[in-house]
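Visitor: Got a structure for you, questions after.
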Amino acid sequence: MAEPKANDLMERIVSLCKRRGFVFQSSEIYGGINGFWDYGPLGAELKRNVKDCWWRLMTQRRDDVVGLDATIIMHPKIWEASGHTSTFADPMVDCLLTQKRFRADQIEPQSGIAYHFSGAVEAAPTAPDKSKKSDEPYSYLVKTEKSAELARRSAQVFYRQRGLIEPRLLGERTEKVENSTRYNPENGSLLTEPRLFNLMFKTYVGPLEVAENLAYLRPETAQAIFAQFKHVAEVARQKVPFGICQIGKAFRNEINPRNFTFRSREFEQMELEFFIRPDEVVEAICGAVATPQAPGHPGQPQPNWGWQMWHKYWVEERLAFYESIGLPRSSLVEYWQKPQELAHYARATVDILYKFPFSKRDDKGELAGEELEGVAARSDFDLSQHQRFSGKPMTVFDDELKVAWAKLDDAKKTALAGRYFQARHAYLLKVNEPPDRAETLARADAAALAHGIYVPHVIEPSAGVDRLALALICNAYCEDQAPDDKGKMEKRVVMRFSPRIAPVKVAVFPLLKNRPELVNKARQVRDLLRPVMTVFYDDSGAIGRRYRRQDEAGTPFGVTVDFDTLGEQGPDLKDTVTLRDRDTMKQTRVNINDLPALLLERIR
Ligand code: GAP
């Protein structure tokens, strides 16, 4: 079968999502609300499975990571400390004609002839104010000089919007323009100058809508982890290196929500903040800092790992996670951000990209991929900021450091303390501490090493649940051929989800619904499996149609209770059922009592 085109494929996927209840537009009965999505019965199960898999892997199966479930609205100072109130903004531009808003950095460059007008005066004989004029300049980009009329008509609309009834255009001139991002790519009209637009949703806490009560819906779950770092470390009796993870809603007032659920205004994140020793501390304790020597997974964590090893470790762990839930390695891209792309606090960031059907293509025609997750080495920036803004120490006491430091010779102490001082000093200057104070604070931080005290560094793998659910849906979508009830081949849509994250694990069917013996037995099978997995019971329609419905839902296994199950064809087959595999469509005969273990092995 010919491969569907990318947009066409995406349309089919979106349509299946709606038809089968994976994803609906939020508030659709009122025309929808841009950037908000609801998950239907199958989508809700899929998302839950994704989060469960992540949570199990990231915390329950590890000794060194614990969980947190914090509030969405937090003290507004948190967002000052993190830098979100001042820097969490995108540049936006508005169309001067339609007022449509765009992200300035997403405008495709365009070339053509720009028609500039210096203003307009009123020319309507019946106008109440014939001296009315507008001095506001306006420009319009057309592809060829022949479209001059289009430019003039648009300019007239622009000046009419400014109160002129019949505008006579002034100061028309043309200019050849190459690769400009100043014009609306949809209609050619001039855009406003870029302005920064903060993406945080605002609200007021309490009955008074006054500045003191202003609060924000969190734009990321990470900051709550930093703010609660000391409490969690204490109650969980954890020592650095250790992590705190959280799954929860985040909100961003995106200028252009797009690509279905990919860029939404309300979404969920799965974030881990993994706290590590600064390299100077590792060196003091272990004598030297291990750095990555070879590509691939660096293996089990070791005490001598510096931040680069930990960063590499988490990138590889995260890639392995995606593979374990069914995204092939070939669909993923490991993108190392260039120095100029790094956030101001980051030492290194690896974006894990998935090749969505709507991804752009690179020079070689390959899908470039879109971000599923960022794995950032954030140094000690976040904890240090909360320490400065809250006035509460975010330091840890590391007894191993204290013991090791006492044994170092003076030259080593001076070298390590000197390097640590430099890093702290650079950070404090960057966040605008006055030079004298920065010097004093950084000296105190360096001196504290001798007492085993420091602010931990952090590695942050931060993933989006909704983007991952969308990647899994895109990856699972498949069209092939299957025989109908009469054996004729027809198109089949099948969602090839990994059994681990499939919304429904097994469907149970009685062959016929008007035979009570078959129905009773099928219900017994359903009740046997239901305590350990999601089961869908279906007795309506021809069996082929029922299989097809489950193929579209991505259910990996189908169990059919037939006359053999009742022992009508002989005692050998009594209490056996057919087990159908969604992908191969092969059917095998299995004893009912063996079903739970057999299926559990394949869905875990
Ligand atoms: N704490 C770091 C942080 O929030 P981010 O790269 O801004 O980093 C992390 O977000 C992940 O959250 C992204 O990789 C993506 O999966 C998800 N995400 C971010 N903005 C999103 C949006 N508007 N819609 C859906 N998911 C989003």
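The values are calculated or read from the model by the stated rules, or taken from the named source; none is laboratory data. The structure presented is a predicted model; accordingly, all values stated were derived computationally and were not measured. Here Cβ is always computed from backbone atoms with ideal geometry, including for glycine, and neighbour counts include all displayed protein chains. These area figures cover heavy atoms from the full protein model, side chains too; ligands, DNA and RNA do not enter into them. Shrake-Rupley method; radii C 1.70, N 1.55, O 1.52, S 1.80 Å.
Visitor: How many residues does the range 299-318 hold that are farther than 29 Å from R602 by Cα and assigned to a loop (DSSP other than H, G, I, E, B)?
Guide: Residues flagged as farther than 29 Å from R602 by Cα and assigned to a loop (DSSP other than H, G, I, E, B) within the range 299-318 amount to 5.
Visitor: Please indicate, with yes or no, whether at least one residue in the range 282-293 is at positive phi and either modelled with pLDDT of 95 or more or charged (D, E, K, R) (or both).
Guide: Within the range 282-293, one or more residues are at positive phi and either modelled with pLDDT of 95 or more or charged (D, E, K, R) (or both).
Visitor: Quickly run through the range 253-294 and pick out the residues that are near the ligand (Cβ under 9 Å from one of its atoms), assigned to a loop (DSSP other than H, G, I, E, B) and either in contact with a His (Cβ under 9 Å, 6 or more places away or on another chain) or polar (S, T, N, Q) (or both).
Guide: T261, S264
Visitor: Related question: In the range 319-329, is there at least one residue being free of Cβ contacts under 8 Å to residues at least 40 places away in the same chain and part of a loop (DSSP other than H, G, I, E, B)?
Guide: no
Visitor: Quick check on my filter: what residues within the range 523-545 are within 24 Å of C478 (Cα to Cα) and modelled with pLDDT under 95?
Guide: G541, A542, I543, G544, R545
Visitor: Taking V375 and the conditions (1) in a helix (DSSP H, G or I); (2) within 16 Å of the ligand (Cβ to nearest atom); (3) β-branched (V, I, T), which numbered condition does it fall short on, given that it satisfies the others?
Guide: Unmet condition: (1).
Visitor: Let me ask another. With the requirement that a residue be without any contact (Cβ under 8 Å) to a residue 24 or more places away in the chain and either open to solvent by less than 50 Å² (accessible area, probe 1.4 Å) or part of a loop (DSSP other than H, G, I, E, B) (or both), what does the range 189-231 give you?
Guide: G206, P207, L208, E209, V210, N213
Visitor: How many residues are over 33 Å from the mean Cα position of the chain (by Cα) and either within 14 Å of A104 (Cα to Cα) or open to solvent by 80 Å² or more (accessible area, probe 1.4 Å) (or both) when one looks only at the range 176-188?
Guide: 2
Visitor: Also: Out of K312, K360, K338, report the one residue that is over 22 Å from M10 (Cα atoms) and open to solvent by 70 Å² or more (accessible area, probe 1.4 Å).
Guide: K338
Visitor: Can you spot a residue in the range 506-513 that is modelled with pLDDT of 95 or more and either over 26 Å from K486 (Cα atoms) or touching a Pro at 6+ places or on another chain (Cβ under 8 Å) (or both)?
Guide: Yes: one or more hits.
Visitor: Inspect the range 563-585 for any residue being modelled with pLDDT of 95 or more and of a type in the set (G, A, S) and give the result as yes or no.
Guide: No, the range 563-585 contains no residue that is modelled with pLDDT of 95 or more and of a type in the set (G, A, S).
Visitor: If you don't mind, there's one more thing I want to ask. In the list R424, R419, R467, which residue meets the criterion of being of a type in the set (K, R), assigned to a helix (DSSP H, G or I) and either free of Cβ contacts under 8 Å to residues at least 12 places away in the same chain or within 16 Å of the ligand (Cβ to nearest atom) (or both)?
Guide: R467
Visitor: Would you confirm, using the coordinates I've provided, whether S324 is hydroxyl-bearing (S, T, Y) and open to solvent by 80 Å² or more (accessible area, probe 1.4 Å)?
Guide: no
Visitor: Out of the residues in the range 51-104 that are of a type in the set (S, T, Y) and more than 30 Å from Q161 (Cβ to Cβ), which is surrounded by the fewest Cβ atoms within 10 Å (Cβ to Cβ)?
Guide: T71
Visitor: Quick one: G35 ticks every box in (1) part of a loop (DSSP other than H, G, I, E, B); (2) surrounded by 17 or more Cβ atoms within 10 Å (Cβ to Cβ); (3) more than 16 Å from the ligand (Cβ to nearest atom) bar one, so which box is it?
Guide: Just one mismatch for G35, condition (3).
Visitor: Which residues, taken from the range 45-92, are hydrophobic (A, V, I, L, M, F, W, C), in contact with a strand residue (DSSP E or B) (Cβ under 7 Å, 6 or more places away or on another chain) and closer than 23 Å to E317 by Cα?
Guide: Answer for the range 45-92, where residues must be hydrophobic (A, V, I, L, M, F, W, C), in contact with a strand residue (DSSP E or B) (Cβ under 7 Å, 6 or more places away or on another chain) and closer than 23 Å to E317 by Cα: W54, W55, M58, V65, V66, L68.
Visitor: Right, next: Take the range 560-604 and flag every residue that is touching a residue at least 60 places away in the same chain (Cβ under 8 Å), among the basic types (K, R) and surrounded by 12 or more Cβ atoms within 10 Å (Cβ to Cβ).
Guide: Passing the criteria: R582, R602.
Visitor: Taking only the range 427-438 into account, find how many residues are open to solvent by 40 Å² or more (accessible area, probe 1.4 Å) and either in contact with a strand residue (DSSP E or B) (Cβ under 7 Å, 6 or more places away or on another chain) or without any contact (Cβ under 8 Å) to a residue 24 or more places away in the chain (or both).
Guide: Summing the residues that are open to solvent by 40 Å² or more (accessible area, probe 1.4 Å) and either in contact with a strand residue (DSSP E or B) (Cβ under 7 Å, 6 or more places away or on another chain) or without any contact (Cβ under 8 Å) to a residue 24 or more places away in the chain (or both) in the range 427-438 gives 6.
Visitor: A further question follows. Taking the range 117-136, which residues are surrounded by fewer than 15 Cβ atoms within 10 Å (Cβ to Cβ), in contact (Cβ under 8 Å) with a residue 24 or more places away in the chain and touching a strand residue (DSSP E or B) at 6+ places or on another chain (Cβ under 7 Å)?
Guide: S118, A123, E136
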